[in-house]
């Protein structure tokens with residue numbers, strides 16, 4: 001619905017992050033009053049660098065601190081919550097599981113409890129889960145009927161995030177819905193260890209891109225604009241009984257291997273002579289993942305708006321401008 005958020009008072013956790021920055025920008029463009037919550041505000045964050053943060057209410061805080069979440073909901077009279085804040089790196093989670101569980105699990109139940117306490121003002125809560133919440137399966141597309149079977153630290157933290165949200169619906173009828181997305185790419189992601197930004201940076205520098213795995217791992221790759229629309233669409237529909245308390249998959253129609261992603265970027269950037277360097281050192285990661293998004297299409301009317309190639313082209317353009325190459 002056009003300008004659905006124009007009169008909404010919105011909290012975005014993890015607002016300074018890659019996806020949080022784009023979501024905050026989109027909500028502000030619709031006229032929402034946005035409270036941007038994060039524990040760090042790096043200058044290189046797109047939200048900071050573009051000056052968009054000046055249009056929002058900036059709040060420093062940690063998800064692990066219940067009091068700060070309780071206060072932000074009350075003081076800003078928040079009616080809509082997008083919970084994106086998390087430790088998002090699979091490798092970091094494997095090395096430091098405690099910090100990941102604190103941020104992702106404690107942070108989620110703190111937020112949900114604060115929303116329950118302030119349910120007189122909080123009308124809708126969208127929780128960002130992940131395809132990782134399903135854990136490793138048999139290689140077929142995950143439907144929402146699949147159990148949540150995370151095994152590695154990051155995956156488990158997302159399974160817990162998901163189940164906590166469902167618990168608050170079933171136990172307290174908190175108006176919550178859950179978004180499970182594949183690998184998100186787009187401009188503004190400055191984690192160079194991720195395959196898309198890392199490959200673009202390498203190719204712009206005329207260097208061979210580096211692959212941590214064997215290059216055959218497959219994932220859904222979804223453009224950030226489509227993810228922002230997925231979150232917003234979910235929030236708009238949350239009053240419907242078939243949406244509240246439910247999880248929805250958001251992904252493209254087909255997965256791609258790491259080698260396929262690099263090959264496509266190499267063609268777009270006209271660097272097909274730079275062969276990737278395959279380290280084959282990935283540990284604690286699921287090999288094949290693919291989401292079935294039929295439910296989101298049927299119930300929410302959501303579809304990806306960008307093809308894989310078009311999304312990559314727009315992403316390359318962003319990094320060319322950012323790196324001035």
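Values computed for the structure shown
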item: Solvent-free Debye scattering, log10 I(q)/I(0), computed from the Cα coordinates of segment 52-164 at q = 0.18, 0.22 Å⁻¹; result: -0.93, -1.17
item: Potential extension, residue 298-residue 54 segment - 0.36 nm per residue separation minus Cα distance; result: 84.1 nm
item: DSSP-defined beta bridges in segment 158-290 - what % are antiparallel, rounded to 5; result: 15
item: Gyration tensor over alpha-carbon atoms, segment 243-325, equivalent ellipsoid semi-axes in Å; result: 30, 19, 12
item: Two-site FRET efficiency, residue 94 against residue 320, from Cβ-Cβ distance with R₀ of 51 Å, rounded to 0.05; result: 0.95
item: Percentage of interatomic Cα-Cα distances in segment 232-284 larger than 17 Å; result: 63
item: Largest-first principal axis extents, alpha carbons of segment 95-159, Å; result: 43, 30, 13
item: Approximate spin-label separation residue 65-residue 140, in nm, with each point projected 7 Å along Cα-to-Cβ; result: 4.8
item: Per-residue Cβ neighbour rank within 10 angstrom, fewest leading, 137, 269, 277; result: 277, 137, 269
item: Inter-part distance where segment 28-56 and segment 290-325 are each reduced to a Cα centre, Å; result: 22
item: Extension gain from residue 167 to residue 190, taking 0.36 nm per residue of separation minus the Cα-Cα distance; result: 4.9 nm
item: Fluctuation leader among 268, 53, 200 - the chain, Gaussian network, Cα springs under 10 angstrom; result: 268
item: Tail fraction, Cα-Cα pairs, segment 1-90, threshold 18 Å, whole percent; result: 37
item: Calculated [θ] (222 nm, deg cm²/dmol) that DSSP helices of n ≥ 4 give over the chain, each run adding -39,500 (n - 2.57); result: -11000 deg cm²/dmol
item: For q = 0.08, 0.14 Å⁻¹, Debye-computed log10 I/I(0) when each Cα of the chain counts as one equal scatterer; result: -0.34, -1.11
item: Residue with peak Gaussian network fluctuation, the chain [Cα springs, cutoff 10 Å], from 75, 30, 206; result: 75
item: Average projected area [Cα convex hull, segment 168-324], square nanometres; result: 10.2
item: Most mobile of 111, 259, 23 in a GNM of the chain (Cα contacts under 10 Å); result: 259
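Coordinate-derived values only; no laboratory data. Predicted model, so just to flag it, every value in this text is computed and none were measured. As a convention, Cβ positions derive from the backbone with ideal geometry for all residues, glycine included, and neighbour counts pool all protein chains shown.
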